Amino acid sequence: MTEKEIISGRQSNLIKKDEINFLDLLVVFLNRKRLIIMFTMGAALLSLIISLLLPNMFIATARVLPPRPPKTGLFSAITQATGAIGGLLRNMEDSTTSELYVGILKSRSVADALIEKFGLKELYNMKYMTHVYKNLEKNSDFKISRDDGIISISVMDRDPRRAAEMANYYVEMLDKKNQKVNTSEGQRKREFLDKRLEKVKKDLIDAENALREFQEKYKLFSIEEQAKVAIEGAARIKSEIIITQTELEVLKQFGTVRQNEAIMLKAKIDELQDQLEGIEVGSAKNNIDTQKENEKNSNFYIPFKEIPELGLQLTRLMREAKIQEKVFEIITTEYEMAKIEEAKDVNTIQMLDNAVPPDKKSAPRRLTIVFLSTVSALLISVSYVFFIEFLNKIRKSDPAKFQIILNSVNFSRKKNQNIK
C-alpha cells in the first residue's frame, strides 16, 4: 500500500467519524426537540408577556451652555498675551466649569428639591429616602460635550410631560444654586478688595508724603533741570574767576600803587572759589557772608557729588509713588466691578434647548427583549439536552465513572447545605 493510499484512508475515516458525530448530535436534537421547542417557546412567550407588562418610559432632554465668567485682572492679561496657551487655559476652565455644574446637578440639595416638587417618594412607592435617591439618580443622566462644554440634562419617566418638567426643573435649580454661589463669591471678593483698597490707599499716601518730604528737604524737583542749572552756574563762576584773576595779574604790574584794588580782587576771587566749591562739593569755608551766599545758591544748585545719589533716591521715590498709584487704580477698578457683580441678579445659565415632552418611548425595547430571551432559552435548552445525553452515554459505557460524577455532585450539594 502506498503512502498516498494510507493518507487517503485516514482522511476518509476522519470524515466518516465527523459525519457520525454530527448524526449523533442531530439524533439527540430530534429526540429532545419537544423539550427544546417547548422551553424556547415558553421563554419567548414569558418574555413577551413581561415586556408588555413593563411600562413605557420616555426620556426628555434639556441642553444648557454654562456662561464664561468675565476675565479681569492678571489672568485676563495672561490669557490674551499667551495666544495658543491662553486658548488652552480657557478650554480647561470651560471644562472645569461644566464639571462643576454637573456636580451641582448631582448634589443632594437639588435631588431633595425635585423629590419634594414632584412627590417622587410616593410616585416611586418607596419607603426609604436612600432608595428614592438611587432611583432618581438612575433615571437622571448628565453629559458634557467635549467640543463645546454643553451640558445635556436627561430625565426618564413614565409620563413624558413629567419627564420634560423634571429636566427643566433641573436647569432652574442649577441656575438658582449657581446664583447663590456667585453672590457669595462676589460678596467675599468685594469685602476682600474693600480691605485691600484701604491698605493700598494708605501705601499711596505714604509714598506721596515721602516724595514730598524728600523734595522739600533737598529742594529737588527735577534732577535734570537742576543739574543743568548747577553746571551753568559753575561755568559762570569759573569764567568770573578767570576774568578776576586776569585783572589781578594786570594790577600787580603797577606795584603798590593800586594795592587796595588788588586786595579787593583777591577777596573777590576767594569768594568766587568758595561759591564754586559749594556748587561742586557742597561745602564752604566758615565765612558768614559765604555761608549766606551758599544758602541762597543752594535753593537753585545741586552739589555735583550729590547728584547721582540724590537722583537715585528721587527716582526710587517717584517710582514707588507711581507703582502705588497704578495699584490703587487697578484695585479701585476691581472693587467697583466686584460691587456690580455682587448686585447682579440675572440668569447665569444659558438655555439652548428646553426639554419638551417626547412623543416616542425610549424603553422598553420589547422586540429586543423577546429576541434575546428566545435565543438565550434556545442555547440553554440545547446545552441541557446535550449534557443529559453525555451523562447517559457515560452511565452506559462506564458506570463507575458515572458514579464518581454523581457522588461529586451530591457532595457539593451537601457542602452547600452545611454552609447555609
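No lab work stands behind these numbers, since they all come straight from the coordinates. Just so it is clear, the structure is predicted and the values come from calculations on it, not from any experiment. Neighbour counts are summed over all protein chains in view; Cβ atoms, including those assigned to glycine, are modelled from backbone coordinates with ideal geometry.
Between Asn209 and Asn125, 0.36 nm times their residue separation minus their Cα-Cα distance comes to what?
22.7 nm
For a Förster distance of 41 Å, can you work out the FRET efficiency between the beta-carbons of Lys138 and Ser383, rounded to the nearest 0.05?
0.80
At 7 Å along Cα-to-Cβ for each site, give me the label-to-label distance between Asp398 and Arg158 in nm.
5.7 nm
Provide the FRET efficiency to the nearest 0.05 for the Lys268-Lys219 pair, computing r from the beta carbons and using R0 = 25 Å. It would help to have the intermediate numbers written out before the result.
Details: r = 27 Å, r/R0 = 1.07.
E between Lys268 and Lys219, to the nearest 0.05, is 0.40.
Pull up all non-local amide H partners of Met57: gap of 5 or more, or a different chain, and H-to-H distance under 5 Å with H placed in the peptide plane.
Long-range HN contacts for Met57: Ser362, Ala363.
What are the equivalent ellipsoid semi-axes of the range 149-208, built from the alpha-carbon gyration tensor (square roots of five times its eigenvalues), in whole angstrom, biggest first?
In descending order the semi-axes read 48, 10, 5 Å.
Stretched out fully, how many nm does the piece from Leu312 to Glu336 gain, at 0.36 nm a residue minus the Cα gap? The partial results should precede the final answer.
Working: separation 24, 0.36 × 24 = 8.64 nm, distance 3.62 nm.
Extra length from Leu312 to Glu336 when fully extended: 5.0 nm.
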